[in-house]
Amino acid sequence: IGKDSKSVLVDIDNLTNEQKISASQLYVQGLTQIRQALNGLTSTAVTQAAIDLAQLRADQYEARGTNPLTNGHIGAGVENLIRLGSKSTVQTEEDLKRAVYNALLVTSFADAPSNWGHLQANLNFANNIGIAVADINGDYWLVVAFTNNGTPITNPEDPATLQAALAQAQADQAQAQAASDAAKAQLTKASSDYA
């Protein structure tokens with residue numbers, strides 16, 4: 001969670017697709033480590049299909065308008081629902097990302113007393129993950145949807161991606177420097193010939 005995220009305001013009622021992707025990427029970063037350590041699954045990603053599914057589920061919960069704690073999940077799909085509370089709890093990008101981070105920890109490591117199966121969904125259900133937010137009569141819920149559909153969205157903050165970009169930039173710089181050196185040599189020769 002970057003320091004600049006404290007100053008970036010979010011409208012939890014109208015998260016942009018980029019904000020949903022960013023929140024989903026954070027969940028996936030942590031979940032990938034958990035999945036690798038506990039069951040060896042390595043192909044965890046964010047896809048637009050998963051985000052769309054999360055938004056569909058959020059819309060369905062909003063339309064139903066009843067508390068998931070008393071009325072359960074909608075449909076046969078698997079998603080994790082984590083209560084965020086009131087709108088005032090998520091005002092900035094930092095608030096949103098902290099809520100996502102805490103949701104991952106709670107669903108992975110504090111689920112045993114409830115026996116709701118969040119950890120099983122996290123570990124075993126599907127490779128791709130998307131996040132949306134449902135407003136159920138003023139009570140906000142994080143909806144984490146799981147699917148095997150969609151093409152993975154590259155995380156621009158993933159260390160491997162950043163390292164690959166750095167290596168490419170260094171190679172491009174070396175190539176440009178060689179071209180510049182060759183051009184300077186030709187300019188020097190041309191100036192000498194002119195003189």
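The values are calculated or read from the model by the stated rules, or taken from the named source; none is laboratory data. These numbers were taken from a predicted model, which means no experiment stands behind them. In case anyone asks, the SASA skips ligands and DNA or RNA and just uses the protein heavy atoms, side chains included. Shrake-Rupley method; radii C 1.70, N 1.55, O 1.52, S 1.80 Å.
For the chain, what is the relative contact order in percent, using Cα pairs closer than 8 Å and at least 6 residues apart in sequence? Don't skip to the end; give the middle numbers.
Values: 259 pairs, mean separation 60.3, N = 195.
Value for the chain: 31 percent.
What's the Cα-based Rg to Rh of the range 124-195, Rh via Kirkwood?
Details: Rg = 26.1 Å, Rh = 17.7 Å.
With Rh from the inverse mean 1/r over Cα pairs, Rg/Rh is 1.48.
Would you mind telling me the share, in percent, of accessible area of the chain contributed by carbon and sulfur at probe 1.4 angstrom?
Working: 5900 of 10890 Å².
The C+S portion of the solvent-accessible surface of the chain is 54 percent.
Just the Kirkwood number for the chain, please: inverse of mean 1/r across all distinct Cα pairs, in Å, one decimal. All intermediate terms of the calculation are to be shown ahead of the outcome.
Values: mean 1/r = 0.0529 Å⁻¹.
Over the chain, the inverse of the mean reciprocal pair distance is 18.9 Å.
Return one whole number: the accessible area per residue of the chain in Å², for a 1.4 Å probe. Show your work: numbers first, answer last.
Values: 10890 Å² over 195 residues.
Per-residue accessible area for the chain comes out at 56 Å².
What order do 109, 146 take when sorted by accessible area (1.4 Å probe), most exposed first? Intermediate values should be presented prior to the final figure.
Details: 109 130, 146 5 Å².
From most accessible down to least: 109, 146.
P(r) tail for the range 32-109, what percent of Cα pairs lie past 19 Å?
Working: 1539 of 3003 pairs.
So the pairs more than 19 Å apart make up 51 percent of the total in the range 32-109.
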